[in-house]
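Take a look at the structure below.
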Amino acid sequence: MSSNNILYPKEDKDQKILLYGCRNCDHQEVAENNCVYRNEIHHSVGERTQVLQDVAADPTLPRTKSVRCANCGHGEAVFFQATARGEEGMTLFFVCCNPNCGHRWRD
């Protein structure tokens, strides 16, 4: 390619392949990888902790009074399912609703 133009993803519907093509000329090339965009988000440990503590105030999450927080003894927690790091399948997580606690545990 002789110009320094950006190549944009486009589809070849007949061959069902991904191409990258120039919008200023007819140059195009077959994509080596089907990934056209990747957004990696890196969190610090403090950010993760804050997100889980904020979960207790989320009115859209279900709450239960059938558990007791092992940290403070409070009798209400929100719960949700998520994939635990390094494990397959879903895990049930609980977060204490006591605003001074925020303890989290899993079933």
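The values are calculated or read from the model by the stated rules, or taken from the named source; none is laboratory data. Since the model is a prediction, treat every value here as computed from it, not as a measurement. Every residue, glycine among them, receives a Cβ derived from its backbone with ideal geometry; neighbour counts consider all protein chains shown. These area figures cover heavy atoms from the full protein model, side chains too; ligands, DNA and RNA do not enter into them. Shrake-Rupley method; radii C 1.70, N 1.55, O 1.52, S 1.80 Å.
So, of the residues in the range 1-32 that are among the hydroxyl-bearing types (Ser, Thr, Tyr) and assigned to a strand (DSSP E or B), which turns out to be most open to solvent (accessible area, probe 1.4 Å)? Across the range 1-32, the extreme among qualifying residues is 8.
Out of the residues in the range 55-107 that are among the basic types (Lys, Arg) and assigned to a loop (DSSP other than H, G, I, E, B), which is most open to solvent (accessible area, probe 1.4 Å)? Per the criteria, the residue is 85.
May I ask you to list the residues in the range 63-95 that are among the hydrophobic types (A, V, I, L, M, F, W, C), within 14 Å of residue 107 (Cβ to Cβ) and at pLDDT 90 or above?
From the range 63-95, those among the hydrophobic types (A, V, I, L, M, F, W, C) are 67, 69-70, 72, 77-80, 82, 84, 90, 92-95; that's our starting set.
Checking which are within 14 Å of residue 107 (Cβ to Cβ) leaves us with 67, 69-70, 77-80, 82, 84, 90, 92-95.
Answer for the range 63-95, where residues must be among the hydrophobic types (A, V, I, L, M, F, W, C), within 14 Å of residue 107 (Cβ to Cβ) and at pLDDT 90 or above: 67, 69, 70, 77, 78, 79, 94, 95.
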